[in-house]
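These notes are about the structure you will find just below.
The values are calculated or read from the model by the stated rules, or taken from the named source; none is laboratory data. Model, not experiment: these values are computed from the prediction. Cβ: placed from backbone, ideal geometry, glycine included. Neighbour counts: every protein chain shown.
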Amino acid sequence: MIFLGRPILMALLTIAAVACNRTSAPVDRDIALGPGQVATINGERIPQSVFRFYAMSAAQKNADDLTADERSAVLEALLRLKLLAAAAEKRGMLAERTIAAELEVQRLQVVARAMALRYLQENPATEAELRAVYEENLPRLAGTQYKARHILLESRDDAVGVIEQLQAGEDFEALAQEHSSGPTGPNGGDLGWLTADSMVQPVAEAVRAMQPGTYSTDPVETDFGYHVLLLEDTRTQEPPALDALRAELTSAVDRNKLEAFVVSLREAAVVTTEQ
């Protein structure tokens with residue numbers, strides 16, 4: 001999501017305490033929050049809608065699923081929150097510039113996030129859009145995999161010495177067990193099957209240029225040291241089916257849709273800045 005709201009507890013404070021800004025149409029808070037209530041405190045009602053929202057954030061449960069003890073605990077916490085907010089309002093703290101600014105930012109975050117969610121609900125990802133993103137990423141999903149081994153050495157001279165031993169006919173795995181300083185040394189330098197994306201760049205470049213059954217004739221330098229590489233085999237990585245990636249693809253389509261929506265709003269906006 002592009003819009004990420006502040007913690008829900010703060011969102012509750014926003015709902016309970018923030019008035020609309022000067023450019024917004026006034027909203028009757030009681031009508032917006034609904035007629036039902038769970039309690040009154042000092043003559044002010046606690047709406048059912050606020051209690052339900054707070055229960056979901058504080059207890060991670062639907063209000064109807066709370067036990068009697070849980071319901072009492074959630075209500076008590078909400079009453080304490082209400083008392084603190086009322087005390088702050090009584091002292092005029094809502095008029096303090098820093099607090100007013102923070103509440104306004106929170107209001108913007110809550111409402112903007114709600115608008116983003118509403119927009120995505122009204123414009124769900126279509127199969128064609130999912131397919132387009134899937135096909136766009138196929139080259140990455142269906143890349144080549146490399147079965148490789150390496151011998152990691154501390155100096156270039158040591159790596160050159162190992163290459164000379166390989167050229168003399170010595171066994172790669174035995175040399176890895178004897179000389180490699182990496183954790184794969186005891187396993188003969190076995191790196192398993194890797195994609196180019198999962199290797200450090202110099203190693204990936206070297207492996208891509210090699211033929212199966214060959215070793216690197218020049219040491220490959222990385223931040224870890226100097227590598228002597230053996231490419232044992234390659235295979236084509238079959239891409240996962242679209243359905244296996246549906247959740248990730250939907251998230252990607254949603255991000256693209258939301259970004260386009262925000263860009264359209266920005267382009268249509270009239271903005272003046274104060275110097």
Can you name every residue in the stretch 239-272 that is over 14 Å from ASN123 (Cβ atoms) and touching a residue at least 24 places away in the same chain (Cβ under 8 Å)? PRO239, PRO240, LEU242, LEU245, ARG246, LEU249, ALA252
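Among the listed residues LEU117, LEU130, identify the single one that is in the same structural domain as ALA252 (by TED's automatic domain parsing), part of a helix (DSSP H, G or I) and within 22 Å of the chain's Cα centre (by Cα). Let's see the steps before the verdict.
Working: LEU117 fails: in the same structural domain as ALA252 (by TED's automatic domain parsing).
Checking each option against the conditions leaves just LEU130.
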Would you point out the residue of the stretch 92-109, among those that are over 21 Å from ILE46 (Cβ atoms) and of a type in the set (D, E, K, R), that is surrounded by the fewest Cβ atoms within 10 Å (Cβ to Cβ)? ARG97
Failed criterion for ASP157 (all others in (1) assigned by TED's automatic domain parsing to the domain that holds SER251; (2) among the acidic types (Asp, Glu); (3) farther than 29 Å from PRO239 by Cα hold): (1)
Positions within the stretch 132-147 being over 30 Å from GLU232 (Cβ atoms) and surrounded by 13 or more Cβ atoms within 10 Å (Cβ to Cβ), in sequence order: ALA132, VAL133, TYR134
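Condition check ((1) of a type in the set (Gly, Ala, Ser); (2) at pLDDT below 95) across all residues:
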position	(1), (2)
ARG235	no, yes
PRO240	no, yes
ARG246	no, no
SER251	yes, no
LEU258	no, no
PHE261	no, no
GLU267	no, no
THR272	no, yes
Let me spell it out: the conditions are (1) under 23 Å from PRO219 (Cβ atoms); (2) at pLDDT 95 or above, and PRO124 meets all of them except one. Which number is the exception? (1)
Kindly indicate whether GLY189 is touching a Ser or Thr at 6+ places or on another chain (Cβ under 6 Å) and surrounded by fewer than 17 Cβ atoms within 10 Å (Cβ to Cβ). no
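Let's see how each residue does on (1) in the same structural domain as LYS147 (by TED's automatic domain parsing); (2) in a strand (DSSP E or B); (3) out of contact with any Cys (no Cβ under 6 Å at 6 or more places or on another chain); (4) not hydrophobic (A, V, I, L, M, F, W, C):
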{"position": "LEU194", "(1), (2), (3), (4)": "yes, yes, yes, no"}
{"position": "ALA204", "(1), (2), (3), (4)": "yes, no, yes, no"}
{"position": "VAL207", "(1), (2), (3), (4)": "yes, no, yes, no"}
{"position": "GLN211", "(1), (2), (3), (4)": "yes, no, yes, yes"}
{"position": "THR217", "(1), (2), (3), (4)": "yes, no, yes, yes"}
{"position": "VAL228", "(1), (2), (3), (4)": "yes, yes, yes, no"}
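Does at least one position in the stretch 238-245 carry a residue that is touching a His at 6+ places or on another chain (Cβ under 7 Å) and buried (at least 17 other Cβ atoms within 10 Å of the Cβ)?
no
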Testing THR214 on (1) farther than 21 Å from LEU166 by Cα; (2) free of Cβ contacts under 8 Å to residues at least 60 places away in the same chain, one condition comes back false. Which one is that? (1)
Within the stretch 219-237, residues loosely packed, with under 13 Cβ neighbours inside 10 Å and acidic (Asp, Glu) come out as ASP223, ASP233
